[in-house]
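Report on the following structure.
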Amino acid sequence: MQSEPFSINPPYRVFYALSISFCTASAVRSIEVVSDVMEHLASSNSKDPLDDVDSHAVLDELQNIIVQGAAVSRYFWPSDKGHEARGRELRQKFQVTEESPLKSRDLRNMIEHFDEKLDHYLAKGIVGHIIPHYFGPEGRSSGVPEHFFRAYFINIGVFEILGKRYEIEPIAKELWRLHELSSASEQ
């Protein structure tokens with residue numbers, strides 16, 4: 001006997017919107033912080049405006065955007081096949097396409113299995129310049145390999161963690177859009 005296709009009971013849809021909104025609200029707060037920092041850098045008269053920036057704090061905000069993107073992704077593309085219908089229904093409701101930057105399994109796996117990714121990254125043996133955190137422009141290579149634990153390259157808008165790179169702007173725009181939709185759905 002085949003079970004009926006999953007459908008979210010209409011009164012329960014608000015719980016999905018609330019759950020998504022929790023993640024997107026956190027991401028939006030981080031997006032606003034990063035945006036303020038970038039505006040400061042653009043308008044600063046300082047000789048080196050990066051000296052005024054707490055790079056650890058900004059990298060935390062950028063990583064939070066990635067973390068929340070991975071969390072939201074699970075609602076739309078669940079890993080368990082038994083929940084695929086729910087994912088389809090939510091993608092339709094929130095107008096999320098297959099081209100969404102949140103669909104990336106690489107992104108989700110980096111966050112969900114970070115401990116294992118760190119093990120593998122370090123097990124390879126890293127030689128060269130090891131940079132635990134970096135916030136600034138991507139520079140020219142000196143020929144010596146550079147290994148960033150966490151970095152954000154302000155001139156190209158890319159967040160790097162353990163050698164993997166993620167464009168922040170498309171992820172941020174999608175999270176912001178979903179936040180507006182999920183907030184409206186809560187009402």
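Assorted remarks:
- Scan of the range 51-66 for residues that are among the aliphatic types (A, V, I, L, M) and surrounded by fewer than 18 Cβ atoms within 10 Å (Cβ to Cβ), ordered by number: A57
- Matching strands (runs of 3 or more DSSP E) fully within the range 87-176 where at least 1 residues are among the charged types (D, E, K, R) and more than 28 Å from E32 (Cα to Cα): 146-153
- When E32, E61, E39 are checked against the criterion of being of a type in the set (D, E, K, R) and touching a helix residue (DSSP H, G or I) at 6+ places or on another chain (Cβ under 7 Å), E61 stands alone in meeting it.
- Positions within the range 39-78 being of a type in the set (S, T, Y), free of Cβ contacts under 8 Å to residues at least 24 places away in the same chain and either in a helix (DSSP H, G or I) or within 16 Å of L107 (Cα to Cα) (or both), in sequence order: S43
- Residue, farthest from the chain's Cα centre (by Cα), within the range 27-63, restricted to residues that are of a type in the set (S, T, N, Q) and at pLDDT 95 or above: S35
- Of the residues screened, S7 is one that is touching a residue at least 40 places away in the same chain (Cβ under 8 Å), loosely packed, with under 13 Cβ neighbours inside 10 Å and either among the polar types (S, T, N, Q) or more than 22 Å from M110 (Cβ to Cβ) (or both).
- Considering A70, A17, A42, the condition of being of a type in the set (A, V, I, L, M, F, W, C) and touching a Pro at 6+ places or on another chain (Cβ under 9 Å) is satisfied by A42 alone.
- Residues being part of a helix (DSSP H, G or I) and in contact with a helix residue (DSSP H, G or I) (Cβ under 8 Å, 6 or more places away or on another chain) - total across the range 6-28: 14
- Near pairs, Cβ below 9 angstrom, 6+ apart or cross-chain, from the range 91-117 (farther than 16 Å from E174 by Cβ and modelled with pLDDT of 90 or more) to any residue that is of a type in the set (D, E) and in a helix (DSSP H, G or I): none
One line per residue, one yes/no per condition, for (1) within 19 Å of the chain's Cα centre (by Cα); (2) more than 21 Å from A57 (Cβ to Cβ); (3) open to solvent by 50 Å² or more (accessible area, probe 1.4 Å); (4) of a type in the set (S, T, N, Q):
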position	(1), (2), (3), (4)
E98	yes, yes, yes, no
R108	yes, yes, no, no
L122	no, yes, yes, no
I130	no, yes, yes, no
Y134	yes, no, yes, no
E146	no, yes, yes, no
A151	yes, no, no, no
K164	yes, yes, yes, no
S182	yes, yes, no, yes
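The values are calculated or read from the model by the stated rules, or taken from the named source; none is laboratory data. Please read these numbers as outputs of a predicted model, since none were measured by experiment. Glycine also receives a Cβ, built like all others from the backbone with ideal geometry; neighbour counts cover every protein chain displayed. Accessible surface is based on the protein model in full, side chains and every heavy atom, while ligands, DNA and RNA are left aside. Shrake-Rupley method; radii C 1.70, N 1.55, O 1.52, S 1.80 Å.
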